[in-house]
1. Buried accessible area for the A:B pair, summed, 1.4 Å probe, in Å² rounded to 100?
2. Can you tell me the accessible area per residue over segment B:1-114, all protein chains present, probe 1.4 angstrom, in square angstrom?
3. If I model a spin label as a point 7 Å beyond the Cα along the Cα-Cβ vector, how far apart are those points for residue B:9 and residue B:94 in nm?
4. For the protein assembly as shown, with only Lys/Arg (+1) and Asp/Glu (-1) charged at the beta-carbon, what is the dipole magnitude about the Cα centre, in debye rounded to 20?
5. Please work out the Kirkwood hydrodynamic radius for segment A:8-126, using every pair of different C-alpha atoms, and report it in angstroms with one decimal place.
6. Give, rounded to the nearest 20 debye, the magnitude of the charge dipole that segment A:131-181 has about its Cα centre when Lys and Arg contribute +1 at Cβ and Asp and Glu contribute -1 at Cβ.
7. Kirkwood-based Rg over Rh for segment A:1-52 (C-alpha set), two decimals?
8. Using only Cα atoms, find the angle between the long axis of helix A:65-75 and the longest principal axis of chain A, and express it within 0 to 90 degrees, rounded to the nearest 10.
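The values are calculated or read from the model by the stated rules, or taken from the named source; none is laboratory data. Everything quoted here is computed from the prediction, not taken from an experiment. As a convention, Cβ positions derive from the backbone with ideal geometry for all residues, glycine included, and neighbour counts pool all protein chains shown. Side chains are part of the model used for accessible areas, which takes the heavy atoms of the whole protein and leaves out ligands, DNA and RNA. Shrake-Rupley method; radii C 1.70, N 1.55, O 1.52, S 1.80 Å.
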Amino acid sequence: MLGAERVIAIDTVPERLALATKSGAITLDFMKEDIYERIQELTQGRGADACIDAVGTEPETKASVDSVIDRIKVATFMGTDRPHVLRQAIQCCRNFGTVSIVGVYGGMLDNIPMGSAINRGLTFRMAQTPVQHYLPKLMERIEKGEIDPSFVITHRATLDEGPDLYKTFRAKKDGCIKVVMKPFG
Amino acid sequence: MKALTWHGKSDVRCESVPDPKIQDGRDAIIKVTACAICGSDLHLFDGIMPTMEKGDVLGHETMGEVVEVGTHNTKLKVGDRVVVPFTIACGECFFCRNGFYSGCERSNPNAKQAEKLWGHSPAGLFGYSHMLGGFAGGQAEYMRVPYADVGPYRYQRDSRMSRCCSCQISSRQATWRPISATSKAERPLRYGAADRLANLQSRAHSCWALSG
């Protein structure tokens, strides 16, 4: 909508991959494919213009060796975060590209390939969103019908159902992508 | 009122808590019409966020109807429908004036705690630990909104917004390209255009990012 020519969505949850495909993205399954190699192929070896880490500190441990090591470090109080996706985003980004971090990290991150980032001129963008800045413009687009984010909602519920839905959402059961609760129905 | 409360790792309960009250003239109380569970809430559910306390009311993706306004709040009136940003901002400090609302230096009453860990404190957030203000969140029947003359976005009762309850998702995912230009005139909504979104690195939030 704002000029992205191609979007590559990386996930392993089938219903999310399906939703991404339906939305026009090329999808990659990180449990089945080598993400770096596939992005190299898709970008003629140049790397992606911009990479978004929308995962943050709790990636799938089974997806990579470094994630297993991170898990052990966190469990033994030798580390605070598990930044596999950030490492991957840096490695997959083209020279002078942008790495944007939406996923949340809390503490001290280990083994970030800063050598790669510095020598190749990457730009890092990150924040808790300054929502007040963007909200009016996003709302305008929703009001005009240009964006309809409601397509991500899979579960509508009451507050009473909330505790169970936390479990469902975490376990990615029942096709759960997004829960919206209406306290008064 | 009824609310979802945090009691530890994998322990969220729906229980009765005291109704929120106006504490400052700029506050508003909203009756929550819709609230969502965010992927970031799972970090709390997994027990990895420090300074959470038993009984904390969760939720930072909230919309509702204004039912009470403080005496100094001239922007909102009872009956207004609003979407509430998860970042709390005063609108007046150095960072707010420059558009960096999530860096508000006045909205986190527990800034000292955050400074110990991060050097400086960001803005206070709804339902996201005491280090970030200890504000009760919106997975509840009612929520108190501090600085409610700055954050909440009003929409018409019969508009598309009223049918679309997950707008906060869009605002959350817009993080990846926050304010970059130097003047207000040069700050268009650019969470994708300039660098051409080429790669969505995702597991937990992929579909949200796509909605942009």
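1. Interface between A and B: roughly 8200 Å².
2. Result: 41 Å² per residue.
3. It is 4.0 nm.
4. Computed charge dipole of the protein assembly as shown: roughly 560 debye.
5. Final number for the Kirkwood radius of segment A:8-126 is 14.8 Å.
6. For segment A:131-181, the charge dipole is close to 240 debye.
7. A ratio of 0.96.
8. It is inclined by approximately 70 degrees.
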